[in-house]
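Asker: Pasting a structure below so you can have a look.
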Amino acid sequence: MAVLDDPAVPIQSHAELVRVFGRIGLLSFGGPAAQIALMHRELVETRGWLTEKQYLQALSFCMLLPGPEAMQLATYAGWRMAGVAGGLIGGLLFVIPGAVVILGLAALYAAYGNVPLAEALFLGIKATVIIIVAQALIRVSGKALTSALAYTLAIAAFLGLFVLQLPYPVIVIGAGIIGALAAATPATDAATRAPAVPFSATARTVSIWATIWLVPLAGLWVIDPGGILAEIGLFFAKLAVVTFGGAYAVLAWMIQAVVQDFEWLTTAQMMDALGLAETTPGPLILVTEFVGFLAGNAEGGLALGVTAALVTLWVTFAPCFLWIFVGAPYVDWIATRPRLQGALDGITAAVVGVIANLSLWFALHVLFGQVSRMEIGVGIGIWLPAPGSVNLGAVALTALAASLLLWRKLDLLVALPLMAVAGLALSAVTGLI
């Protein structure tokens, strides 16, 4: 099944999808909160390709899936516009710009070590992301929080993550259960008009995309069982299945395995990899590409490094298309089932708290040099910055970004390059580069 029979969904040409999702891919800095905000601005506010309800339902659905939710949201949006081809355009263009940048930075890093010029360029972009996310949080919360229960779930999700550090899946599943229990039970008229999704179509989609994902991995084991490429492919394929809640949810496990078990990178290299991935476009899980490149490069030079990076990208992102193309046809069907819709509504409300948590965490780490967690009880704590570590340059850049976006109302495609230059200039003046 491709695009649902929904007259409210405008079908777009492939060329238009390439233009818009290419723009999103180039501007998708700052992690999932900023990327979700950017897509909301581009797809809902500016173009009206998705309604607010469609966007929030899709976001709630993607939050339940393993893998980078923002990339999967782009894939879903493309699918609604033009079926599988549109989904491929949306998903691939969300990943490719960042993947190209990460590959270039990884090659430079392998040759020369840390890249301070890149960090200087991205300082201004980080400041801009703070404003983008704040705008989106206000807009999304205004649409998603329409009841006392929704406000309660949003606040609980924020406190659960920021104060209690509960596992992300616990937050999402709990919100879904509460939303389902609180939902009205009578069937809606729309339930009788919901498009049926043939089981044969779902099974065919599963078989096609599971084959696309796993056959190349099996080929690596046949060609060189136990080799570096096979090891990299298997490890990151496993990672793709358990990455619920985005990259942050599995970073600790990944770092431990990469540094201690496989010894592909040192701890210092892993920290540098995370820093560079944080400041490039695309999902944070692209840090896996950096790891794959360095592991391959150390084993057999540049060619093997590039091959290992490509293998890592394949096994990390191919399953994302599997999850979306199998599940996307059911999103509107779920909306016609009161209990299931109630669960999605509960998750949508919790997502506001999730975005608020990510936004605050990101802003603290951009504006302050030292941020630590103060424990105030068993399992209870709060992230606090050291007042003396405030980065006045980052504060000034954030104020500049606010003036460009909120006062001058510049297009992001104009504001981001200007802010990158401003960050470079500030770093030059202060002697950071």
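Asker: Got a sec? Which of G142, G78 is in a helix (DSSP H, G or I) and either under 13 Å from G282 (Cβ atoms) or touching a residue at least 40 places away in the same chain (Cβ under 8 Å) (or both)?
Answerer: Checking each option against the conditions leaves just G78.
Asker: In this structure, does S372 turn out to be more than 22 Å from A134 (Cα to Cα), surrounded by 17 or more Cβ atoms within 10 Å (Cβ to Cβ) and small (G, A, S)?
Answerer: Details: more than 22 Å from A134 (Cα to Cα): yes; surrounded by 17 or more Cβ atoms within 10 Å (Cβ to Cβ): no; small (G, A, S): yes.
No.
Asker: Of all residues in the range 218-266 being among the polar types (S, T, N, Q) and not in a helix (DSSP H, G or I), which is modelled with the lowest pLDDT? Steps first, please.
Answerer: Residues of the range 218-266 that are among the polar types (S, T, N, Q), as a first pass: 243, 256, 260, 266.
Remaining after also requiring not in a helix (DSSP H, G or I): 243, 266.
Working: T243: 71, T266: 82.
Here the residue is T243.
Asker: Quick one: L64 ticks every box in (1) modelled with pLDDT under 90; (2) of a type in the set (A, V, I, L, M, F, W, C); (3) buried (at least 24 other Cβ atoms within 10 Å of the Cβ) except a single one, so which number is it?
Answerer: Condition not satisfied by L64: (3).
Asker: Moving to a separate point now. Evaluate the following for L108: is it modelled with pLDDT of 80 or more and open to solvent by 50 Å² or more (accessible area, probe 1.4 Å)?
Answerer: When the stated conditions are applied, L108 passes them.
Quick grid of which residues meet (1) surrounded by fewer than 24 Cβ atoms within 10 Å (Cβ to Cβ); (2) under 25 Å from L410 (Cβ atoms):
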{"position": "E42", "(1), (2)": "yes, yes"}
{"position": "T51", "(1), (2)": "yes, no"}
{"position": "Q54", "(1), (2)": "yes, no"}
{"position": "R80", "(1), (2)": "no, no"}
{"position": "I96", "(1), (2)": "yes, no"}
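Asker: Now, a different point. Quick check on A277: is it in a helix (DSSP H, G or I) and either at pLDDT 85 or above or of a type in the set (D, E) (or both)? Outline the logic, then answer.
Answerer: Numbers: in a helix (DSSP H, G or I): yes; either at pLDDT 85 or above or of a type in the set (D, E) (or both): no.
Considered against the rule, which asks whether it is in a helix (DSSP H, G or I) and either at pLDDT 85 or above or of a type in the set (D, E) (or both), A277 comes out as no.
Asker: Scan the range 221-240 and report the pairs whose first residue is within 20 Å of L65 (Cα to Cα) and whose second residue is part of a loop (DSSP other than H, G, I, E, B), with Cβ atoms within less than 7 Å and a gap of 6+ or a chain change.
Answerer: L239/V250; A240/G67
The values are calculated or read from the model by the stated rules, or taken from the named source; none is laboratory data. Everything quoted here is computed from the prediction, not taken from an experiment. Cβ atoms come from the backbone with ideal geometry, glycine included; neighbour counts cover every protein chain shown. Accessible surface is based on the protein model in full, side chains and every heavy atom, while ligands, DNA and RNA are left aside. Shrake-Rupley method; radii C 1.70, N 1.55, O 1.52, S 1.80 Å.
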